[in-house]
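The values are calculated or read from the model by the stated rules, or taken from the named source; none is laboratory data. Bear in mind the structure is a predicted one, so any value in this text is a computation, not a measurement. Quick reminder, even Gly has a Cβ in these numbers, built from the backbone with ideal geometry, and neighbours come from all protein chains shown.
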Amino acid sequence: MREPTKPMLTEAASAGFYEPKEFPGRYPRLQILTIAELLADKKISFPEHRVETFAKAERKTKSMHEGLF
């Protein structure tokens, strides 16, 4: 595999940075990782936080379903 070319790296750098309001830090919008880097367990740079994106449904007991059929 080949390394990224200079124009590829320039294009990635020109994409700018992502700066989340909730978390400190600057993260490149476009990041290039080679297969060798992925196999070496290199990770992309991103804000590592967990956001619940959905509401959990209320659990119902069996007794609430009796009498439906």
- prompt: Is it the case that some residue within region 36-44 is modelled with pLDDT of 80 or more and over 19 Å from P4 (Cβ atoms)?
  reply: no
message: Take the conditions modelled with pLDDT of 85 or more and either of a type in the set (D, E, K, R) or assigned to a loop (DSSP other than H, G, I, E, B) (or both) and apply them to P4. Does it pass?
response: yes
- request: Output the residues belonging to region 50-64 that are under 23 Å from P20 (Cβ atoms) and modelled with pLDDT under 70.
  value: R50, V51, E52, T53
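Restricting to region 11-35, name every residue that is modelled with pLDDT under 90 and small (G, A, S).
Once the filter is applied, which keeps residues that are modelled with pLDDT under 90 and small (G, A, S), region 11-35 yields only G25.
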task: Could you give me the residue pairs with C-beta distances under 9 Å whose first residue belongs to region 37-61 and is closer than 14 Å to G25 by Cβ, whose second residue is hydroxyl-bearing (S, T, Y) and at pLDDT 90 or above wherever it lies, and which are 6+ apart or on separate chains?
output: I44/Y27; S45/Y27; F46/Y18; F46/Y27; P47/Y18; P47/Y27
statement: Within region 7-36, of all residues that are assigned to a loop (DSSP other than H, G, I, E, B) and touching a residue at least 24 places away in the same chain (Cβ under 8 Å), the one surrounded by the fewest Cβ atoms within 10 Å (Cβ to Cβ) is E22
